[in-house]
Amino acid sequence: MIRLANVSHDYGDRSLLTGVDLTIAPGAFNFLTGPSGAGKSTLLKLCYGDLTQRSGEIELFGQDLRSLSRDALADTRRRIGVIHQDCEFLDHLTLRDNVALPFVATGRAVPDDDLHELLAWVGLDHKADALPPTLSGGERQRAALARAVIMSPEVVLADEPTGNVDWEMSQRLLSLLIELNRMGTAVMIATHDLHLIRTAKSQVTTRTLRIANQTLQAAGSEL
Ligand SMILES: Nc1ncnc2c1ncn2[C@@H]1O[C@H](COP(=O)(O)OP(=O)(O)OP(=O)(O)O)[C@@H](O)[C@H]1O
């Protein structure tokens, strides 16, 4: 569904990613790791068309990223749920309205029952009317997950989804992502947290990739 072939990228001054080959297959569960600044967020952005590669090929659902018009790219991105590292929300809108935003942006209203069910799934139905600044870190991360999946994407890309939460909350988030994966959604999680990767491996078949020396490699047996 997402395929990168011999992809390289940089931000102008120095090469960041070189010769990256990656396939995110339907239903797969992938981890992406590597040192801070290695390019994990950059690679995720390439995977959802937020950045265009310097060289190589990127296919999103069989279509060449470079050939997509703005509208076609927007349609394609609805098939990819993204949990951003910073979990930003519109502070003047309630949690419910923030989570519904991707849906509302398509010009449709979210059925109330569906929204309620989704908020209950992430354990935030009682916070539906809260404003984002009043939420805890873990609540924000779960709200970001709800927002990422509201369009029923075929793949979820999560950038450090457990970055600012305690171990118990990171387990809860991981459980939600595993549950989603068991229902058929492909998942790719960028994380520094090797403990999280090990915990996931005991519950689901995963593949761990690491960015090192600008290249993407299969992570070794130490995980
Ligand atoms: N828009 C940008 N313009 C210029 N440089 C950038 C830009 N975005 C990222 N970088 C640089 O590219 C490198 C990789 O950044 P990226 O965020 O992809 O790394 P990362 O592996 O996700 O890091 P972390 O684990 O700290 O989140 C960093 O040196 C960063 O400063």
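Points to keep in mind about this one:
- Only a single criterion out of (1) within 16 Å of the ligand (Cβ to nearest atom); (2) in a strand (DSSP E or B); (3) touching a Leu at 6+ places or on another chain (Cβ under 7 Å) is not satisfied by L44, namely (2).
- So D113, is it free of Cβ contacts under 8 Å to residues at least 60 places away in the same chain, more than 20 Å from L131 (Cα to Cα) and within 16 Å of the ligand (Cβ to nearest atom): no
- Residue match in region 16-33 (condition: over 18 Å from A218 (Cα atoms), in a loop (DSSP other than H, G, I, E, B) and near the ligand (Cβ under 8 Å from one of its atoms)): no
- Output for region 135-164, where each listed residue is away from the ligand (no atom under 16 Å from the Cβ), among the β-branched types (V, I, T) and in contact with a Leu (Cβ under 9 Å, 6 or more places away or on another chain): V149, I150, V156
- Matching residues in region 99-116 - criterion: being over 22 Å from L73 (Cα atoms) and part of a helix (DSSP H, G or I): D112, D113, D114, L115, H116
- Test set (1) more than 16 Å from the ligand (Cβ to nearest atom); (2) surrounded by fewer than 13 Cβ atoms within 10 Å (Cβ to Cβ) - S36 fails condition number: (1)
- Residue pairs meeting the criteria (Cβ under 9 Å; at least 6 apart or on separate chains; first more than 17 Å from T52 (Cβ to Cβ), in region 64-89; second part of a helix (DSSP H, G or I) and polar (S, T, N, Q)): I83/Q141; H84/S41; Q85/S41; C87/Q141; F89/N98
- Any chance R96 is at pLDDT 90 or above, outside any loop (DSSP other than H, G, I, E, B), in contact with a helix residue (DSSP H, G or I) (Cβ under 8 Å, 6 or more places away or on another chain) and over 30 Å from A25 (Cα atoms): yes
- Residue tally, condition on the phi > 0 side of the Ramachandran plot and either modelled with pLDDT under 95 or buried (at least 16 other Cβ atoms within 10 Å of the Cβ) (or both), over region 4-26: 1
Residue-wise test of (1) more than 16 Å from the chain's Cα centre (by Cα); (2) surrounded by fewer than 20 Cβ atoms within 10 Å (Cβ to Cβ); (3) hydroxyl-bearing (S, T, Y).
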{"position": "I178", "(1), (2), (3)": "no, yes, no"}
{"position": "M183", "(1), (2), (3)": "yes, yes, no"}
{"position": "V187", "(1), (2), (3)": "no, no, no"}
{"position": "I197", "(1), (2), (3)": "no, yes, no"}
{"position": "S202", "(1), (2), (3)": "yes, yes, yes"}
{"position": "T205", "(1), (2), (3)": "yes, yes, yes"}
{"position": "Q217", "(1), (2), (3)": "yes, yes, no"}
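- Against the list (1) among the acidic types (D, E); (2) modelled with pLDDT under 95; (3) within 30 Å of R210 (Cβ to Cβ); (4) away from the ligand (no atom under 16 Å from the Cβ), the condition D86 fails is (4).
The values are calculated or read from the model by the stated rules, or taken from the named source; none is laboratory data. Just so it is clear, the model here is predicted, and its values are computed rather than measured. Neighbour counts run over all protein chains shown; Cβ positions are idealised from the backbone, glycine included.
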